[in-house]
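The values are calculated or read from the model by the stated rules, or taken from the named source; none is laboratory data. Keep in mind that what you see is a predicted model, and the values were worked out from it rather than measured. Counting neighbours? That spans all protein chains shown, and the Cβs are built from the backbone with ideal geometry, glycine included.
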């Protein structure tokens with residue numbers, strides 16, 4: 001998972017929102033928009049090979065390896081999907097996903113990668129259970145942590161294997177207000193999520 005999209009823990013939210021506004025405006029002027037608005041519910045991703053129902057009006061980030069959408073800013077609510085080769089080095093852990101792993105083993109690697117992120121404090125695992133995604137056996141973990149600035153975050157992550165690839169899906173938002181507010185959009189996204197076959 002790209003380091004770019006972990007919560008920007010050292011930047012206060014008001015400063016971050018101003019930065020995004022300036023960045024988007026500059027990108028529009030240059031003819032290369034960083035974000036684009038989702039205008040229809042049905043979404044098909046040809047790069048990461050999935051389809052899903054997305055919340056209309058949310059903004060999609062147009063750069064990076066992940067599919068990333070947000071309603072109020074990526075610190076305040078974010079849904080992301082990555083599809084990567086199993087032999088690709090992870091960002092924060094030396095552990096690797098392998099084709100023979102059971103869902104609980106996949107979850108262990110995912111959690112190790114997450115907990116190894118610098119700046120995540122007082123990590124709490126709220127649940128770790130198997131999940132079925134598009135007919136495939138995978139995992140679902142729910143967790144909480146504090147950023148260095150003291151912001152309490154909550155997240156949900158799913159993962160499953162698809163041949164020599166692993167799909168990793170996450171939702172993160174501040175615990176207060178934003179997590180519950182956007183959770184229904186994430187649930188709808190997950191209920192509709194399907195992989196595409198080449």
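Answer yes if at least one residue in the stretch 184-193 is out of contact with any helix residue (DSSP H, G or I) (no Cβ under 7 Å at 6 or more places or on another chain), assigned to a strand (DSSP E or B) and closer than 19 Å to residue 77 by Cα, and no otherwise. Walk me through it before giving the result.
First, pick out the residues of the stretch 184-193 that are out of contact with any helix residue (DSSP H, G or I) (no Cβ under 7 Å at 6 or more places or on another chain): 184-193.
Filter again for assigned to a strand (DSSP E or B), leaving none.
No, the stretch 184-193 has no match at all.
Could you tell me how many of the residues in the stretch 99-148 are out of contact with any helix residue (DSSP H, G or I) (no Cβ under 8 Å at 6 or more places or on another chain), surrounded by fewer than 15 Cβ atoms within 10 Å (Cβ to Cβ) and on the phi < 0 side of the Ramachandran plot?
Total satisfying the criteria: 17.
Quick one: residue 49 ticks every box in (1) surrounded by 13 or more Cβ atoms within 10 Å (Cβ to Cβ); (2) at pLDDT below 95; (3) at positive phi except a single one, so which number is it?
Looking at each condition in turn, residue 49 falls short on (2).
In the stretch 61-89, which residue that is buried (at least 16 other Cβ atoms within 10 Å of the Cβ) and without any contact (Cβ under 8 Å) to a residue 60 or more places away in the chain is farthest from the chain's Cα centre (by Cα)?
Only one residue fits best here, namely 61.
So which residues in the stretch 28-46 are in contact with a strand residue (DSSP E or B) (Cβ under 8 Å, 6 or more places away or on another chain) and either closer than 19 Å to residue 173 by Cβ or in contact (Cβ under 8 Å) with a residue 24 or more places away in the chain (or both)? Don't jump to the end; show me each part of the working.
Of the residues in the stretch 28-46, the ones in contact with a strand residue (DSSP E or B) (Cβ under 8 Å, 6 or more places away or on another chain) are 34-38, 41-45.
Correct list: 34, 35, 36, 38, 44, 45.
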